Amino acid sequence: ERRDVERGQVIAKPGTITPHVRFRAETYVLTKEEGGRHTPFFSGYRPQFYFRTTDVTGVVKLPEGVEMVMPGDNVNLEVELITPVALEKGLRFAIREGGRTVGAGTVTEILE
């Protein structure tokens, strides 16, 4: 029934898509001029990740040897979401903070 489906849920054939909490992604962080952040972020940063029609908070882990990410940078991130979301390799997403988009990315690897 249509009323049984809520915003953010995915309708799929059983076994074709599974929820995950950890993934790697290639991301671009918007510059201040593009409407993004004014300052860098570090491991432990907790923005909202928007996938399809759902959003969930995630914790960012930067790659070995990367101390911070500056606005305008492209970076491979590892993300751990606070709740499982239906993800697959190649899925695009937005990174938002305080009601504005601060970055965008593509899932490159499912970890968990």
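Structure above, values below:
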item: Pairs, first of a type in the set (V, I, T) in the range 11-33, second loosely packed, with under 11 Cβ neighbours inside 10 Å, C-beta under 6 Å, six or more apart; result: V21/E112
item: Filter pass, V29 being surrounded by 16 or more Cβ atoms within 10 Å (Cβ to Cβ) and more than 25 Å from R7 (Cβ to Cβ); result: yes
item: Boolean, V56 is modelled with pLDDT under 95 and in a strand (DSSP E or B); result: no
item: Residue selected from the range 67-99 under the condition at pLDDT below 95 and under 23 Å from H38 (Cα atoms), by the criterion surrounded by the most Cβ atoms within 10 Å (Cβ to Cβ); result: G98
item: Test: G35 is out of contact with any Lys or Arg (no Cβ under 8 Å at 6 or more places or on another chain) and surrounded by fewer than 12 Cβ atoms within 10 Å (Cβ to Cβ); result: no
item: Some residue of the range 23-36 being assigned to a loop (DSSP other than H, G, I, E, B) and under 23 Å from I110 (Cα atoms); result: no
item: Flag if G103 is buried (at least 16 other Cβ atoms within 10 Å of the Cβ), under 14 Å from the mean Cα position of the chain (by Cα) and not hydrophobic (A, V, I, L, M, F, W, C); result: yes
item: Scan of the range 101-112 for residues that are more than 15 Å from E26 (Cβ to Cβ) and at pLDDT 95 or above, ordered by number; result: T101, V102
item: Residue in the range 5-22 that is surrounded by the most Cβ atoms within 10 Å (Cβ to Cβ), counting only those that are in a loop (DSSP other than H, G, I, E, B) and among the hydrophobic types (A, V, I, L, M, F, W, C); result: V10
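The values are calculated or read from the model by the stated rules, or taken from the named source; none is laboratory data. Predicted model only: the values in this text are computed from it and were never measured. For neighbour counting, all protein chains shown are included, and Cβ atoms are generated from backbone atoms with ideal geometry for every residue, glycine included.
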